[in-house]
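Some notes on the structure that comes next.
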Amino acid sequence: MLIKKPDDIKSSEITSESVYLNRRNFIRAATLAGTAGASGLLYRRLNPASQKAAAPNAPPNGLNAAVEQVASGYRTAEGEAANSFEDITSYNNFYEFDTSKSGVASASEGFITRPWTVKIEGLVNQPREFDLDDLLKIASLEDRVYRFRCVEAWSMVIPWLGLPLAKLLAAVEPMSNAKYVKFVTLYDKKQMPNLRTDILDWPYQEGLRMDEAMHPLTLLASGLYGKSLPPQNGAPLRLVVPWKYGFKSIKSIVQIVLMEEQPRTTWNMANDEEYGFYSNVNPQVNHPRWSQATERRIGQCTWGNCVETKMFNGYADQVASMYAGMDLNKNF
Ligand code: MTE
């Protein structure tokens, strides 16, 4: 299965109009330009220069002002400031809706996320179908400001609101032979136009090893900037695994399955030479077509990639021990 695309679509990276608008709004001296590396095939082909105007992506009533007020309060533990709400909600990957980053917000507008159920099944003693609102009561929601690093070498800092995945898994009592967790996105052709295409194998699915899923950094996010997730960011529930490339962070989850065998994942099925199961951020292991040593922090880099990528996206102290003894060149 490979991507089919018209030959006339250019694969170059673009800076969305809304990012420019945001720069004006926030008086950032940034000129986002350049690409993260070689242009070309598969993943980037799905991110062509948009023919559309950027989405009129106004946050809900009064949120802009509120977000601007609190934005400076959202920082990573190392002091990096969060990207603006506008950055985070106007430059997205969500192929079920649109293959251009600036087109996702408008294409997903009106996406229905209530009622919403999430089935948790497989190797668990207490399989359950949760209503979303019940699921979110399993533990108190936490604000977590994480660096987010896309495999395409752009990055942001995002203030998520969510539930540690470990708390949810504990509630369904994993069996001792559960070694992996599979996550599956909603499959709804009426709402998600690209499900009628074969650009990827649908439904989108992802996987983690059990220890990764139980790691305290791993979050099921239901919001950002203290508000419910907008559709383009994966409403109503998406995974966030901050030491892995962004495509592991599957959106709009409806099913979680605990398994003994390693699940297949959407990008690995699309191209297993480029997208492995682990997908840990690793500046020493390049993508076959571009370097992973540096990144373009949206809203910060004035030219090209201005930030050096850190091992495990800067979370090595917390997660490196899970991969001790593994050859990360092979297990990429
Ligand atoms: N989840 C689904 N269901 N469909 C997708 O296309 N894209 C992934 C990931 N989760 C994707 C998905 C990719 S490639 C990235 S980089 C992140 O979502 C982008 O998340 P963001 O738009 O919130 O930045």
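The values are calculated or read from the model by the stated rules, or taken from the named source; none is laboratory data. Treat the numbers as computed from the prediction; the structure is a model and nothing was measured. In this analysis, Cβ positions are derived from the backbone assuming ideal geometry, glycine residues included, and neighbour counts consider all displayed protein chains.
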Unmet criterion (only one of (1) polar (S, T, N, Q); (2) near the ligand (Cβ under 10 Å from one of its atoms); (3) in contact with a helix residue (DSSP H, G or I) (Cβ under 7 Å, 6 or more places away or on another chain)) for Thr218: (2)
Answer residue from segment 143-193, given it is of a type in the set (Gly, Ala, Ser) and farther than 30 Å from Thr302 by Cα and is farthest from the ligand (Cβ to nearest atom) among those: Ser176
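Of all residues in segment 217-237, count the ones that are part of a strand (DSSP E or B) and more than 21 Å from Tyr91 (Cβ to Cβ).
1
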Any pair with Cβ under 6 angstrom, 6 or more apart, that starts in segment 82-94 at a residue that is touching a residue at least 24 places away in the same chain (Cβ under 8 Å) and ends at one that is among the basic types (Lys, Arg) and crowded, with 24+ Cβ neighbours inside 10 Å: Tyr91/Lys101; Asn92/Lys101; Phe94/Lys251
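Go through segment 255-267 and count every residue that is within 16 Å of the ligand (Cβ to nearest atom) and surrounded by fewer than 21 Cβ atoms within 10 Å (Cβ to Cβ).
Summing the residues that are within 16 Å of the ligand (Cβ to nearest atom) and surrounded by fewer than 21 Cβ atoms within 10 Å (Cβ to Cβ) in segment 255-267 gives 4.
Yes/no matrix, rows are residues, columns are (1) closer than 22 Å to Thr113 by Cα; (2) β-branched (Val, Ile, Thr); (3) touching a residue at least 60 places away in the same chain (Cβ under 8 Å); (4) assigned to a loop (DSSP other than H, G, I, E, B):
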site: His215; (1), (2), (3), (4): no, no, yes, yes
site: Leu239; (1), (2), (3), (4): yes, no, yes, no
site: Phe247; (1), (2), (3), (4): yes, no, yes, no
site: Ile250; (1), (2), (3), (4): yes, yes, yes, yes
site: Met269; (1), (2), (3), (4): no, no, yes, no
site: Asp272; (1), (2), (3), (4): no, no, no, yes
site: Asn305; (1), (2), (3), (4): no, no, yes, yes
Ala270 vs. criteria of a type in the set (Gly, Ala, Ser), away from the ligand (no atom under 14 Å from the Cβ) and surrounded by fewer than 23 Cβ atoms within 10 Å (Cβ to Cβ): no
Residues (of a type in the set (S, T, N, Q), touching a residue at least 60 places away in the same chain (Cβ under 8 Å) and not in a helix (DSSP H, G or I)) located in segment 102-136: Ser108, Thr113, Thr117
Test: residue in segment 47-70 that is assigned to a helix (DSSP H, G or I) and modelled with pLDDT of 95 or more: no
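Restricting attention to segment 241-254, report how many residues are over 22 Å from Val124 (Cβ atoms) and within 13 Å of the ligand (Cβ to nearest atom). Full working, then the answer.
Within segment 241-254, the first condition is being over 22 Å from Val124 (Cβ atoms), and the residues that meet it are 242-247, 249, 251.
Subset that is within 13 Å of the ligand (Cβ to nearest atom): 242, 244-247, 249, 251.
Result for segment 241-254: 7.
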